[in-house]
Amino acid sequence: MPFFALGISHTTAPVALRERLSFGAEQIPEALRAVAALDGIHETAILSTCNRTEIYAQLEDGAGASLTDWLTRARSVDDPEVCARLYTHRGEAAARHLFRVACGLDSMILGEPQILGQIKQAYELAQESAVTGQHLHRLFQYAFAVAKLVRTDTAIGENPLSVAHASVQLARRIFADFRALTPLLIGAGEASELVAHHLHEQGARRLIIANRTFSHAHVLAERFGGYAIGLHEIAAHLEEADIIIASTGSPEPILTQAAVAAAFKTRKHRPLLIIDIAVPRNVEPAVTKLADVYLFTIDDLHGIVENSLRSRQAAAREAESIIETQVTRFMQELRGLDAVPTIRAMRDHAEELRDHTLAQAQQMLAGGTPAEEALKYLAETLTNRLLHAPSAYLRQAAREGRDHIMRQAHALFGLKDDEPGPDTDKHA
């Protein structure tokens, strides 16, 4: 039953297509249960971020197609263009892909650290939904360990970059001085917290934080000397804002063309920069039709950070080498697990023979048989019974000319080349 990864990301599709396959946090538990109910799916986890939607599963051969069908149905996507942007990975390739994602090597911003936390949250949610087991547990725990190793042994995390950092860098291209500006942040999650931090570092002091849960916005605003508002109050504050950065998990646009157009009646052509780093998008694309409005999406940030990534290229190559080594080790450990049922069955069989033979020897002692004779019976009989099946199999293999079986027997029993095989049981 191999590992399987199905997904779409910034490497294969623009935001307009990615958002059609995204899952909000509140939608994932139900989606996990639906995936786990599919025939041939034994374990699963869903990762949905602004840059990717991926489903990881441990499944039976052939079940991958049903998972793809489910995803397109669940998101009401039958567009060939979207389906053509999906990618799949199986077995070792699926493990390698998850390791690369966890290390930030598949991120829009090379080496960004936020993705590891997002993967951990995705796996925790899958555990809470009771759709994981020992196979995905091993895969994800190994991915977390590999990510930690890469962070420790390479410079991939030096001079940290993020989508939030790139957003502020983009704003600096338009506004030289942030001290007199009023940024409006829509959302109070991790991304908004990072944006607020970077804006504050650049001199912004009058931050407005808008969020569905007012208390969350208030806590974040207090940290940076700003003030909080509810989402329903955004329209009333658009006239003040110079920069808007949106990053909520809303499935529908929060900022509409009509609302922005209404604000411009009193703005006197003051430019407005809007950066929408949410997927699905928080801002209606139609706002670009308005004069003096500059709208950028998360995809536009890719070019912003390219020059900042050159120093990370060498570290990325080191990370890729580490990942290859760890993928090999992981697959070896996984294959080792395949032997566990056989080893357990072999031990159970040996213990059954031991107990049966010991009981016979004890009966002999109870019947007056001398201890030395009973012990000799115990040793010889147990040896014969343990070696009977392998001895018979080796004889048959020898008659059929299967010499490799003989060589494997020497390795299996730790025999020297000049020793006979286990076929020493004249009673077998």
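Considering only DSSP beta bridges whose two residues both sit in the chain, what percent are antiparallel, to the nearest 5?
Rounded to the nearest five, the antiparallel share is 45 percent.
Which of A316, A57, A25 moves most in a GNM of the chain, Cα contacts under 10 Å?
Among A316, A57, A25, the largest GNM mean-square fluctuation belongs to A25.
If you put +1 on each Lys and Arg Cβ and -1 on each Asp and Glu Cβ, how big is the dipole of the stretch 163-302 around its Cα centre, in Debye rounded to 20? List each step's numbers first, then the result.
On the way: 13 positive and 15 negative charges, 80 e Å.
The calculated dipole for the stretch 163-302 is roughly 380 debye.
When the convex hull of the C-alpha atoms of the stretch 340-413 is computed, what volume per residue in Å³ does it have?
Numbers: hull volume 7.4 nm³, N = 74.
Taking only Cα atoms, the stretch 340-413 has a hull volume of 100 Å³ per residue.
When Rg is the radius of gyration of the Cα atoms in the stretch 3-157 and Rh is its Kirkwood radius, what does Rg/Rh come to?
Working: Rg = 14.6 Å, Rh = 15.5 Å.
Looking at the stretch 3-157, the ratio lands at 0.94.
Would you mind putting 400-407, 209-216, 233-240 in packing order, based on average other-beta-carbon counts within 10 Å, highest first?
Working: 400-407: 11.5, 209-216: 18.6, 233-240: 15.4.
Result, highest mean Cβ count within 10 Å first: 209-216, 233-240, 400-407.
Tell me, what is the FRET efficiency for D292 and L38 to the nearest 0.05, using R0 = 51 angstrom and their Cβ-Cβ distance as r?
Values: r = 50 Å, r/R0 = 0.98.
E between D292 and L38, to the nearest 0.05, is 0.55.
Would you list the P(r) distribution for the stretch 163-302, with all Cα-Cα distances sorted into 5 Å bins from 0 and each bin expressed as a whole %?
Result returned by the calculation: 2, 11, 23, 26, 23, 13, 2, 0.
Among Q313, A228, G117, flag the residue with its Cα farthest along the positive direction of the charge dipole of the chain, charges on Cβ as +1 for Lys/Arg and -1 for Asp/Glu.
After comparing all options, I get A228.
Amide H to amide H under 5 Å from A204: which residues, 5+ apart in sequence or cross-chain, H placed 1.01 Å off N in plane?
Hits under the 5 Å cutoff: none.
Read-outs throughout are calculated quantities, based only on the coordinates presented, and are distinct from any laboratory measurement. Predicted model, so just to flag it, every value in this text is computed and none were measured. Counting neighbours? That spans all protein chains shown, and the Cβs are built from the backbone with ideal geometry, glycine included.
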